[in-house]
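Here's the structure we're looking at; comments come further down.
The values are calculated or read from the model by the stated rules, or taken from the named source; none is laboratory data. Because the structure is a prediction, the values reported are computed rather than measured. A quick note on method: Cβ atoms are made from the backbone with ideal geometry, for glycine too, and the neighbour counts reach across all protein chains shown. When the accessible area is computed, the model is the full protein with side chains, heavy atoms only, and any ligands, DNA or RNA have been set aside. Shrake-Rupley method; radii C 1.70, N 1.55, O 1.52, S 1.80 Å.
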Amino acid sequence: MRNSVNNNQEQQDKIKFLTQELLRVQKNLVEQFYTDSLTRLPNLYQLRHDLEEGSDFTLIIANIDNFKLLNDFYGFVVGDFILESFAKSLKTELDEVSVYRIAGDEFAILVGKRMSFYLLKNYLTHLSKQLTHLKYAYAQTEIYVDCTLSSSASFTSDDIFSKVNMALKYAKKEQLKFWIYEDTMNFSQEYESNLKYATKVRKAIVDFSGIVPYFQPIIDNKTNEIIKFEALSRLVDEDGAIHSPHNFIPVAKMIKVYDKITMAIIDKSFQVFKSHAFDFSINLSFEDIINQDIYDFIISKLRDSNMGHRVTFELLESEKVNDFNKVIHFFNEIKRYGAKVAIDDFGSGFSNFSYITKLSPDFIKIDGSLIKDIDQDKNAQIIVETIVDFSKKLGIKTVAEFVHSSTVLSTVKQLGIDYSQGYFIDMPSPHILK
């Protein structure tokens, strides 16, 4: 009888121990699910849970600036050290708030009260100063870290993540220390527009039927005759509406299909000019030039078409070029097939004469910002005269963009510019108009 009682007690003790062990394991699993393994901070799942449980709060996101660059330069071991150190800095600098790691280099701060715009602005101003030029020592190396902050002063907490993330992206884009989302901002409309265009772009590139070149003539200023056409990209949606590149190209770059648009314009332009004797030009960005697929596509077109001597490739946004050797190599290769090179939008932004001496183009296209009021703007005339004189000495032809009136055309001719292009001459059209 005593043995039976002892056995029962042992079984109960064993069941109790197993139950406690199971609860302990379950608790550990739950803690792991809600905890970031590197920093030991609560993670995104914990943040979402806490947001659902609360009603009065202010959400702030802190994103480490240039973390990928730091990680690539120092290695992932140091990258992890930076993340751990930054997490400690947040916990040290912030009192009576909850800190979370919600993504690779992104942290969240949850303040347990809803702050008005001006109170939040003061809070972020102070916080950004605390988190500026943080110095971390790893071995013999000192590493300096900064971050960008964002938050929302919206009247409701609906879509709080979207609002704070929109503010973060805006702050990053404008290189601001922080930004606060407000309901009066049009971020939502911009995102909705981007989503709309993303859908249109994806549909347009399925078989390239929605991406079409429009052609704008360029005239010889001495003879007034059309000597070539520039191919400009347009998107035709399912309803037949025509969209300018200003609307869809930035979205195409964001969703990483921009190269498909470039190849569609190249392919269709070559097809069109098989049956037209005019020369033609095609725009390329630095991204296009360093893209191996586009490079191979262009070389095959030049090789197989025997039209190289009729095509000019125009380099857009030359101030964004960060590797002139790659551009020079590309230019040298296409010139083997007789193709020519133009620098587009020259005179805008940070364009300078050093680009010309490095790239040795056949044409310089003078930016419309200098041409549009050149019949009245004496300063613009002086700048353009300098560009024209410089170009003539190097044997480079010049093209005036944005020629929109007879007086502008007359002034352009007087200044010695070789060619003109603009609405006064003709609008872009899907057809070659002689």
Report summary line: Of (1) in contact with a helix residue (DSSP H, G or I) (Cβ under 6 Å, 6 or more places away or on another chain); (2) open to solvent by less than 40 Å² (accessible area, probe 1.4 Å); (3) under 28 Å from ASN352 (Cα atoms), GLU314 fails just (1)
**Report entry** Residue satisfying condition, being open to solvent by less than 20 Å² (accessible area, probe 1.4 Å) and assigned by the TED database to the domain that holds GLY308, within set LEU232, LEU284
**Finding:** LEU284
Report summary line: Over the stretch 349-380, the set of residues in contact with a strand residue (DSSP E or B) (Cβ under 9 Å, 6 or more places away or on another chain) and either on the phi > 0 side of the Ramachandran plot or small (Gly, Ala, Ser) (or both) is SER351, SER360, GLY368, SER369
Query raised in the report: Right, VAL145: assigned by the TED database to the domain that holds TYR123, open to solvent by less than 20 Å² (accessible area, probe 1.4 Å) and more than 19 Å from TYR123 (Cα to Cα) or not?
Result: yes
Query raised in the report: What pairs come up if the first residue lies in the stretch 107-133 and is on the phi > 0 side of the Ramachandran plot and aromatic (Phe, Trp, Tyr), the second is in a loop (DSSP other than H, G, I, E, B) and surrounded by 12 or more Cβ atoms within 10 Å (Cβ to Cβ), and their beta carbons are under 7 Å apart, counting only those six or more places apart or on different chains?
Result: none
Requested in this report: Could you tell me whether any residue of the stretch 84-91 is among the hydroxyl-bearing types (Ser, Thr, Tyr), in a helix (DSSP H, G or I) and over 13 Å from THR148 (Cα atoms)?
Outcome: yes
Report task. Identify all residues within the stretch 42-85 that are open to solvent by less than 40 Å² (accessible area, probe 1.4 Å), among the hydroxyl-bearing types (Ser, Thr, Tyr) and touching a Ser or Thr at 6+ places or on another chain (Cβ under 9 Å); write none if there are none. Result -> THR58
Query raised in the report: Can you find even one residue in the stretch 170-178 that is surrounded by 16 or more Cβ atoms within 10 Å (Cβ to Cβ) and either of a type in the set (D, E, K, R) or in the same structural domain as PHE278 (by the TED database) (or both)?
Result: yes
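How about the stretch 300-383: which helices (runs of 4 or more DSSP H) wholly inside it have at least 1 residues that are modelled with pLDDT of 95 or more? So that I can check it myself, show each step before the final result.
Details: elements: 324-335, 353-359, 368-371.
Once the helices (runs of 4 or more DSSP H) in the stretch 300-383 are filtered for at least 1 residues that are modelled with pLDDT of 95 or more, what remains is 324-335, 368-371.
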Report task. Give the stretch 52-68 a look and list any residue that's hydrophobic (A, V, I, L, M, F, W, C) and touching a Lys or Arg at 6+ places or on another chain (Cβ under 8 Å), or say none. Result -> PHE57
Report summary line: Residue set ASP95, ASP159; condition open to solvent by 30 Å² or more (accessible area, probe 1.4 Å), of a type in the set (Asp, Glu) and on the phi < 0 side of the Ramachandran plot; output residue ASP95
Query raised in the report: When only residues in the stretch 292-303 that are closer than 12 Å to ASP267 by Cα and not β-branched (Val, Ile, Thr) count, which is least open to solvent (accessible area, probe 1.4 Å)?
Result: LEU302
Requested in this report: State whether one or more residues within the stretch 100-117 are more than 16 Å from SER37 (Cα to Cα), out of contact with any helix residue (DSSP H, G or I) (no Cβ under 9 Å at 6 or more places or on another chain) and not in a loop (DSSP other than H, G, I, E, B).
Outcome: yes
Report task. Give the residues of the stretch 242-281 that are open to solvent by 20 Å² or more (accessible area, probe 1.4 Å) and within 16 Å of the chain's Cα centre (by Cα), sorted by residue number. Result -> PRO245, HIS246, ASN247, ILE249, PRO250, LYS253, MET254, ILE255, LYS256, TYR258, ASP259
